[in-house]
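Below is one structure, written out as structure tokens; the observations come after it.
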Amino acid sequence: MGPFSLFDLTGLDVSYSVLERIYEDFYQEPRFRPAPFLRKKVESGLYGRKTCAGFYDYGDASSPVSDKGRPWGASLPEAVPLALSQTRVVPGSRNAWLRRVSR
């Protein structure tokens, strides 16, 4: 489960308030600042599964998630090669294996 699915499962309203609390408790350390787009989603009422819309479009709660609801706008088989092609690989780094995998 990725971070967007987890946010939708726990509810963006709950997750955002927890992220704000962490930010405040760590004396407003910039690395803990919640992303601005999360606030916009919460203000729009897109809380995730409980409202049938969040990062993914759940439509009817009983139906499975369609590809059109993915945050990157493509189906998974199309998105993975795109993500790999846009990944910058630094020689000698721990992610250098991506260069071999994406060829």
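Details
- In region 22-47, residue farthest from Leu9 (Cα to Cα) [restricted to those that are open to solvent by 100 Å² or more (accessible area, probe 1.4 Å) and touching a helix residue (DSSP H, G or I) at 6+ places or on another chain (Cβ under 8 Å)]: Phe26
- Within region 12-47, the set of residues being in a loop (DSSP other than H, G, I, E, B) and under 14 Å from the mean Cα position of the chain (by Cα) comprises Pro34, Ala35, Leu46, Tyr47.
- Residue in region 1-21 that is surrounded by the fewest Cβ atoms within 10 Å (Cβ to Cβ), counting only those that are among the small types (Gly, Ala, Ser) and either under 18 Å from Val42 (Cα atoms) or modelled with pLDDT of 95 or more (or both): Ser17
- Lys50 being crowded, with 16+ Cβ neighbours inside 10 Å and either on the phi < 0 side of the Ramachandran plot or assigned to a helix (DSSP H, G or I) (or both): yes
The values are calculated or read from the model by the stated rules, or taken from the named source; none is laboratory data. Keep in mind the model is a prediction, meaning the values are calculated, not measured. When we count neighbours, we look across all protein chains shown, and the Cβ atoms used for this are built from the backbone with ideal geometry, even at glycine. Heavy atoms of the whole protein, side chains included, go into the accessibility calculation; ligands, DNA and RNA do not. Shrake-Rupley method; radii C 1.70, N 1.55, O 1.52, S 1.80 Å.
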